[in-house]
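The values are calculated or read from the model by the stated rules, or taken from the named source; none is laboratory data. Keep in mind the model is a prediction, meaning the values are calculated, not measured. Glycine also receives a Cβ, built like all others from the backbone with ideal geometry; neighbour counts cover every protein chain displayed.
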Amino acid sequence: MSLQKPIMRGLLAKRLRFHLPIAFALSLIAAAAFKYGVTEPRKQAYADFYKQYDAMKEFNGMKEAGIFESVRPSGE
Amino acid sequence: MLHMTVGRVGSLLTRRGVMALTSGNVRMASHGHGVSEQADLSLPMYWDRLDTPLPDKAYKDDLTAADKSLKQKEKGPWTQLTNEEKIALYRIAFKDTYPEMKVPSHEWKTVVGGILIFIGITGLIVIWQSHFVYPPTPHTFAPEWQAKQTQRMLDMRVNPIEGFATNWDYEKKQWK
């Protein structure tokens, strides 16, 4: 009944050597996924919106719908 | 409590916590383990716990003559002990082995059942409350009002870049 002596030292170091690179890699992947999945499309959406944006046309549309209090639709 | 040092409070809480959590102290016979009586919490206690391995005292208090001679033999070199003697020494110091401690019980069924019963009672209370306590729903929840509200949101161009107003086609005057 003689067992092998178990590993007594360096347990945390062994765990860190395994888990830290994985943690770093996953964090970088998460950051990259958010950047290219969320922020870049959002910036592009804003750019595309304002490329063809006619502020006066939108304003007149809102004015005719009657939502402003300072300027009423042209009919009134 | 002011005269107690922090250490004493800590050890008192440990013993109380251990008493409350000792799996060997389960009081329901239907859970499949023996029922034990309350111990004197002011004396060193024995426990079987997976996470706290070394109890304050050994399991067997009254040793037979054979046990006593075995404890004498334990004071010498352990290589002279047979395997049966080593197991007997273990059983003097401890009640269960780790596999015996880990034997599953039926307690989880009681726990799940209790959880579901209380969720059900809460559901009944919620139903009673929604019928007898709540005031009438505000008029702003009526479908006609909701339609006018939606039209006003579209007129205002709410979130026109990525949100609400992007779902409406302003030329064709319909949802995209």
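Things to note:
- Of all the residues in region A:1-50, those that are under 30 Å from B:TRP78 (Cα atoms), more than 14 Å from chain B (Cβ to nearest Cβ) and not basic (Lys, Arg) number 6.
- All conditions in (1) in a helix (DSSP H, G or I); (2) in contact (Cβ under 8 Å) with a residue 24 or more places away in the chain; (3) of a type outside the set (A, V, I, L, M) hold for B:THR52, with the sole exception of (1).
- For region A:51-62, a tally of residues being in a loop (DSSP other than H, G, I, E, B) and more than 10 Å from chain B (Cβ to nearest Cβ) returns 2.
- Flag not set for A:ALA65, criterion: exposed (fewer than 10 other Cβ atoms within 10 Å of the Cβ), under 23 Å from B:TYR170 (Cα atoms) and within 14 Å of chain B (Cβ to nearest Cβ).
- Region B:102-139 - residue that is touching a residue at least 12 places away in the same chain (Cβ under 8 Å) and of a type in the set (Ser, Thr, Tyr) and, of those, nearest to B:ARG49 (Cα to Cα): B:SER105
- Residue within region B:115-135 that is surrounded by fewer than 10 Cβ atoms within 10 Å (Cβ to Cβ), modelled with pLDDT of 95 or more and touching a helix residue (DSSP H, G or I) at 6+ places or on another chain (Cβ under 8 Å) present: no
- Residue tally, condition surrounded by fewer than 10 Cβ atoms within 10 Å (Cβ to Cβ), over 20 Å from A:ILE67 (Cα atoms) and either modelled with pLDDT of 95 or more or among the aromatic types (Phe, Trp, Tyr) (or both), over region B:142-176: 2
- Inter-residue pairs, beta-carbon under 7 Å, first in contact (Cβ under 8 Å) with a residue 12 or more places away in the chain and closer than 15 Å to B:TRP175 by Cβ and in region B:140-159, second outside any loop (DSSP other than H, G, I, E, B) and not small (Gly, Ala, Ser), 6+ apart: B:MET153/B:PHE164; B:LEU154/B:TRP168
- Any hit, region B:92-99, residues being among the small types (Gly, Ala, Ser), surrounded by 10 or more Cβ atoms within 10 Å (Cβ to Cβ) and either out of contact with any Pro (no Cβ under 7 Å at 6 or more places or on another chain) or in the same structural domain as B:ALA58 (by TED's automatic domain parsing) (or both): yes
- Number of positions in region B:136-155 that are among the aliphatic types (A, V, I, L, M), over 48 Å from the mean Cα position of the chain (by Cα) and away from chain A (no Cβ under 14 Å): 1
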